[in-house]
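Input: a single structure, listed below in structure tokens.
Nothing in this text is a laboratory measurement; each read-out follows from the coordinates by a stated rule. Because the structure is predicted, anything quoted here is derived from the model rather than measured. Reconstructed Cβ throughout: ideal geometry from the backbone, glycine too, with neighbour counts over all protein chains shown.
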Amino acid sequence: MQVILSILPGFLFLLFICGRLSASADKQPNILLLTADDLGWDSLGCMGNQLEGLSPNLDRLASEGLLIKHAYIATPICGPSRQALYTGRFPQSTGMLGHGAQPPNWWKSDNTNTDTQSITSLLLESGYLTSMIGKHGSDWCRFSIPPHGRNEQTGMGRDPEKYLQFSRDFFTRAKKEGKPFFLSANTHDPHRYWARHSDETSGWIKNMMGDGKWKPFANGKPYPDPKTRFDPKDCPVPAPYPNEAKIKANLTSYYGSVNRMDQVVGGILDALKESGLANDTVVIFLSDHGMAWDLSKWSLYPSGVRTPLIIRWPNQIKTGRIDEHSLVSVVDIAPTIAELCGLPRMKTSDGKSFSSLLTGQHANWKRQSAFSCFNYMNNDPKMDESVRSYSSDLAKQFEQYRPSRALNEKNFCYVWNGWSNGTATLPKTMLGEFHGMLDDLAKNQSDSEYGDYLKTKNFIECRVPEELYDLAKDPACRENLSSELHYQKTLQSFRQGMKKVLRKTQDHELENYLSFLNNQ
């Protein structure tokens with residue numbers, strides 16, 4: 001009898017928690033999925049950025065729900081990252097490895113993705129009204145209303161008014177039809193070129209807009225400039241970069257684009273509130289990967305693959321919650337949405353539902369690390385035709401192919417660069433603006449604590465085969481500890497973890513990784 005009484009409180013609490021998330025079992029929640037494009041994890045006020053006035057709408061959203069501080073995307077390149085979000089599968093599982101011809105012929109020769117599911121299509125099939133504005137998904141992503149993604153429809157993904165009006169119309173239709181809804185709203189900010197940047201030229205805009213009809217704003221662009229103009233001296237410099245005046249001057253443009261992205265989000269949230277549907281809507285916000293500079297975008301360090309993750313669900317998630325301990329992967333989001341909406345479990349997903357975190361049940365969430373990968377930027381159709389099957393020396397045949405794999409934990413980052421051999425380099429198309437600054441900055445270096453700028457430039461180009469960083473001591477990932485005796489136990493643990501993930505996902509780079517380990 002005493003045993004029964006001792007477990008009764010815990011049992012009743014569990015029933016209470018389950019009841020909270022299923023209180024509206026007969027009424028499926030709406031889902032509003034918001035994404036930013038190329039937003040660094042530390043570029044919001046709620047994530048610790050001290051730039052005043054940077055992200056008031058997203059900061060407010062975080063205060064109204066749950067902020068998960070350690071979330072990670074699957075790959076630091078736009079298209080494949082979004083595929084992982086919608087399908088709950090890593091790139092090697094779907095063949096969506098980069099841009100261009102997808103999946104590549106060499107992947108299709110040994111794999112198939114016919115069993116891949118998309119949360120967008122599953123919700124459509126279960127009776128949801130579904131649509132998307134901004135960047136689109138893939139053939140797996142089907143919608144009730146065709147995606148609203150052309151540049152003239154969204155002002156190149158940068159016009160807050162166009163997002164506001166589309167959202168209003170969509171929410172009105174959902175109410176009229178009496179259906180739960182799923183809306184994926186994706187801004188193009190702060191993707192380059194940033195607001196008021198010297199490269200934001202009329203020629204670039206004309207090329208992006210093509211033959212579409214559009215009316216320019218007073219600034220001559222198909223979108224407004226941000227309402228803010230930040231002072232360079234006030235702009236925080238992200239950890240991977242030196243504290244230089246030229247760096248800060250460029251960051252004013254970046255942070256301006258972040259602020260305009262926040263304006264887009266604010267308009268969508270206002271439309272949701274006006275509709276009267278906010279209390280029945282789960283709002284989720286994240287970025288597709290880090291900012292568009294070397295050592296962030298296209299890189300597997302936290303600066304490239306970590307993202308803010310904000311979730312608001314009135315009357316279900318307590319307000320003002322901050323989770324600094326749990327670790328979530330982007331492949332966990334689609335399974336979570338499926339569970340919240342009462343759908344069957346996504347059988348092919350590489351992730352798991354983290355619904356337990358929404359009610360603070362951290363003990364039920366077991367993820368200890370997040371896997372991310374990089375394969376290539378672009379797969380040109382002609383190149384795709386010439387490479388019909390995968391081989392271990394693909395990086396030598398295909399300049400764009402630069403396979404890297406990573407495991408990130410809260411305190412450590414482990415990276416394996418399968419292409420790095422001391423002579424191979426990244427292609428020029430993957431060398432960004434920061435890399436291009438380093439020669440000039442090195443002539444008159446003012447940040448003496450950063451280290452040799454030219455060594456950084458060489459590192460960006462060539463990398464090293466294996467990297468390990470202690471993030472508590474080195475958040476910028478500048479001191480590689482993979483050869484340090486003190487960290488060998490940690491290194492071996494990551495190696496075992498990497499083998500497990502590559503085997504489980506049938507990663508095409510598994511044998512190359514095992515060969516690398518055998519030669520150590």
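Could you please tell me the mean projected area of the C-alpha convex hull for the stretch 53-184, averaged over all directions and given in square nanometres to one decimal? Numbers along the way, then the final one.
On the way: hull surface 40.6 nm².
Result: 10.1 nm².
If you rank SER326, SER372 by fewest surrounding Cβ atoms within 10 Å, what's the result?
Details: SER326 20, SER372 30.
Ascending number of Cβ neighbours within 10 Å: SER326, SER372.
Kindly give Rg over Rh for the stretch 244-317, based on alpha-carbon atoms, with the Kirkwood expression for the hydrodynamic radius. Kindly include the intermediate steps, with their values, before the conclusion.
On the way: Rg = 16.1 Å, Rh = 14.6 Å.
The Rg/Rh ratio comes out at 1.10.
Work out the charge dipole of the chain with +1 on the Cβ of Lys and Arg and -1 on the Cβ of Asp and Glu about the Cα centre, then indicate which of LEU468, GLY155, ASN49 is farthest towards its positive end.
It is GLY155, whose Cα lies furthest towards the positive end.
Please report, in cubic angstrom per residue, the volume enclosed by the convex hull of the alpha-carbon atoms of the stretch 372-518. Walk me through the numbers before you get to the answer.
Working: hull volume 19.5 nm³, N = 147.
Per residue, the Cα convex hull of the stretch 372-518 comes to 133 Å³.
Run through all the Cα pairs of the stretch 178-263 and give the fraction in each 10 Å bin from 0, expressed as whole percent.
Spelled out per bin, shortest first, that is 15, 40, 27, 14, 3, 0.
How big, on average over all directions, is the shadow cast by the Cα convex hull of the stretch 459-509, in nm²?
Numbers: hull surface 18.2 nm².
Taking a quarter of the hull surface, the average projection is 4.5 nm².
What ratio of Cα Rg to 2.2 N^0.38 Å holds for the chain? Let's see the in-between values first.
On the way: Rg = 22.9 Å, N = 520, 2.2 N^0.38 = 23.7 Å.
Ratio of Rg to 2.2 N^0.38 Å for the chain: 0.97.
For a footprinting-style exposure proxy, rank CYS462, CYS413 by other Cβ within 10 Å, fewest first.
Details: CYS462 16, CYS413 26.
Lowest count first: CYS462, CYS413.
Of the options ASN444, SER420, PHE285, report the single residue whose Cα projects farthest towards the positive end of the charge dipole of the chain (beta-carbon charges: Lys, Arg +1; Asp, Glu -1).
Farthest towards the positive end: PHE285.
Roughly what % of Cα-Cα distances in the stretch 152-305 sit above 22 Å, to the whole percent? Provide the component values of the computation, followed by the final result.
Numbers: 5853 of 11781 pairs.
The proportion of pairs with Cα distances above 22 Å equals 50 percent.
If I histogram all Cα-Cα distances within the stretch 250-392 using bins 10 Å wide from 0, what percent of pairs lands in each bin?
All Cα pairs considered, the percentages come to 9, 28, 32, 22, 7, 1.
Among the lysines, which have Cα under 21 Å from the Cα of LYS443 when same-chain residues fewer than 8 positions away are ignored?
Partners within reach: LYS246, LYS248, LYS455, LYS457.
May I ask for the net charge around THR425, where only other residues with Cβ less than 14 Å from the Cβ of THR425 are counted and Lys, Arg are +1 while Asp, Glu are -1?
Values: positive: LYS396, ARG402, LYS428, LYS457, ARG463; negative: ASP294, GLU399, GLU461.
For residues surrounding THR425, the net value is +2.
Suppose every Lys and Arg Cβ carries +1 and every Asp and Glu Cβ carries -1, with no other charges. What dipole size does the stretch 123-252 come out with about its Cα centre, to the nearest 20 debye? Walk me through the intermediate numbers first.
Values: 21 positive and 15 negative charges, 55 e Å.
Its charge dipole is roughly 260 debye.
Within a 10 angstrom radius of the beta carbon, how do TYR414, TYR163 rank from fewest other beta carbons to most?
Least to most surrounded, the residues fall as TYR414, TYR163.
Please give me, ordered by residue number, the trypsin sites (Lys or Arg not before Pro) of the stretch 420-497 that lie in loop per DSSP and have at most 12 other Cβ atoms within 10 Å.
Listed in order of number, the matching sites are LYS473.
Apply the Karplus parameterisation 6.51 cos²θ - 1.76 cosθ + 1.60, with θ equal to phi minus 60°, to every residue of the stretch 112-124 and state each ³J(HN,Hα) to the nearest whole Hz, in sequence, with x for glycine and proline.
9, 10, 5, 8, 5, 10, 10, 4, 5, 6, 4, 5, 4
First obtain the Kirkwood hydrodynamic radius of the stretch 433-487 from its Cα pairs, then insert it into the Stokes-Einstein equation at 25 °C and 0.890 mPa s, and state the resulting D in µm² per second as a whole number. All intermediate terms of the calculation are to be shown ahead of the outcome.
Working: Rh = 12.7 Å.
D, rounded to a whole number, is 194 µm²/s.
Kirkwood Rh over Cα pairs of the stretch 285-353 into Stokes-Einstein at 20 °C, 1.002 mPa s: D in µm²/s?
Details: Rh = 14.0 Å.
Reported coefficient: 153 µm²/s.
Given charges of +1 on the Cβ of Lys and Arg and -1 on the Cβ of Asp and Glu, with all other atoms neutral, how large is the dipole of the chain about its Cα centre, in debye to the nearest 20?
Working: 59 positive and 57 negative charges, 217 e Å.
With only Lys, Arg, Asp and Glu charged at Cβ, the dipole is about 1040 debye.
Using modelled amide H (1.01 Å from N, peptide plane; none on Pro or chain starts), what sits under 5 Å from the amide H of ALA36, excluding residues fewer than 5 places away?
Hits under the 5 Å cutoff: LEU286, SER287, ASP288.
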